[in-house]
Amino acid sequence: MERYLTHVILHEVGHTLGLRHNFAGSLVYDGTPNTPRSNSVMEYVVDADAIYVDVPQSYDVQAVRYLYNLSSEQPTDLFCTDEHTRVEPYCNRYDQYSDPLGEDYGPTFLLVKELVLYEILPFPALAAAFDHYGNATLQWARSGTSADRRFAYNIAMAYVRPPVALPPDAGPGFGPAADDLARRVLSRLYLDPVASRGVFNATPAESSAITPAAVADIHGILINVDGIRGFQSRRTMVDILKSMQSLGAYSALRQGRDTVATQAGTATGSQKLLAEDLLARIDLALSPYYR
Ligand SMILES: [Zn+2]
């Protein structure tokens, strides 16, 4: 407790000396026992790491020396602050490790999905975790390098992208849960209100990094390529393709229409009604496609 309070007081004294937050601090921590948890007391570190940041760190010393004319050298340590959290995916409050996506957010988001897919917990019990770790993972899909965008998108769609291959130990709820999670991930990425997306909330710009993969996944769900997709998801995929306003999405919607028309022709009962309604939704989105 004393070390934790010391950390908090150092942070606040840092502010009085003129230091701003440094949310890049935790990027120096590679997870091995003897590396620093942060290069700065001005980082928001998780409580478990805060007790290891109970003396001024390298960035703090550099910054104070520069500010008070004890050195002409500007700090060379990594630095980012509050406004960067919206534009730089590696600039996060309360993150951990030099690779926060690969070592923290990504694996935890996969775990959240596993808990739902294997029916260990229902989605509502994990909704807050889905929001936190899903949004954090998707911030790299929204921006960053092509490699990071691809990596983040693949984590976000892992287990749930079409065609889903049901694992041998899957229970009866696996398919419906995969359908529900895929809809939630793609909707969060492209369709959900900005306010629900977390601090990093831009709709991904069209790019070769993830757009072709996303359009292919959305098309696969729209036509129910793996037989586990419900009409709620399929309707959402129409809305996403419409929102994209791109030639690739337009083409996917056109191709999807042909398949859905065939399905509506052979379906019976309520499935036929729902397929015809989906077809009507596609037609509305297509005529004309461009707004
Ligand atoms: Zn502060």
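Points to keep in mind about this one:
- Rel. contact order, % - alpha carbon contacts under 8 angstrom, at least six apart, the stretch 2-86: 33
- With loop membership from DSSP and a limit of 15 other Cβ atoms within 10 Å, the longest segment of the chain without GluC sites (Glu not before Pro) is 120-291.
- Gain in span if fully extended, Ala128 to Tyr44, counting 0.36 nm per residue against the direct Cα distance: 28.2 nm
- Paramagnetic reach from Arg93 in the stretch 10-41 [backbone N under 20 Å; point 7 Å along Cα→Cβ]: 10-28, 38-41
- The tail of the calculated P(r) for the stretch 2-86 beyond 21 Å holds 24 percent of all Cα-Cα pairs.
- In this structure, Ala158 and Arg235 have a Cβ-Cβ separation that, at R0 = 25 Å, corresponds to a calculated FRET efficiency of about 0.60.
- Rounded to the nearest 20, the Cβ-based charge dipole of the stretch 100-286 about its Cα centre (Lys and Arg +1, Asp and Glu -1) stands at 440 debye.
- Between Gln271 and Thr108, the distance separating the two model label sites (each 7 Å from Cα on the Cα→Cβ line) works out to 4.1 nm.
- Segment Thr16-Asn34, length gained on full extension (0.36 nm per residue, minus Cα span): 3.5 nm
- Two-decimal Rg to Rh for the stretch 58-159 - Kirkwood Rh, Cα set: 1.14
- In range of the label at Leu286: residues from the stretch 236-257 whose backbone nitrogen is under 12 Å from the point 7 Å along Cα→Cβ: 250-257
- Radius, Kirkwood style, for the stretch 118-209 when every pair of distinct Cα atoms is counted (Å): 13.9
- Share of pairwise Cα separations in the chain, more than 26 Å, in percent: 53
- Full extension of the chain segment joining Val225 with Ile9 gains 72.1 nm, where the gain is 0.36 nm per residue of separation less the Cα-Cα distance.
- Of Ala249, Ala267, Ala50, the one that fluctuates the most in a GNM where the chain has Cα springs shorter than 10 Å: Ala267
- Where chymotrypsin sites (Phe, Trp or Tyr not before Pro) fall in DSSP loop in the stretch 125-228, at most 14 other Cβ within 10 Å: none
- For the chain, a Gaussian network of Cα nodes joined below 10 Å ranks Ala252, Ala275, Ala48 by mean-square fluctuation, and the top entry is Ala48.
Taken together, the values in this text are just the output of simple stated rules run on the coordinates, not laboratory data. It should be emphasised that the depicted structure is a prediction, and the values quoted were computed from it without experimental measurement. Note: ideal-geometry Cβ built from the backbone for every residue, glycine included; neighbour counts use all protein chains shown.
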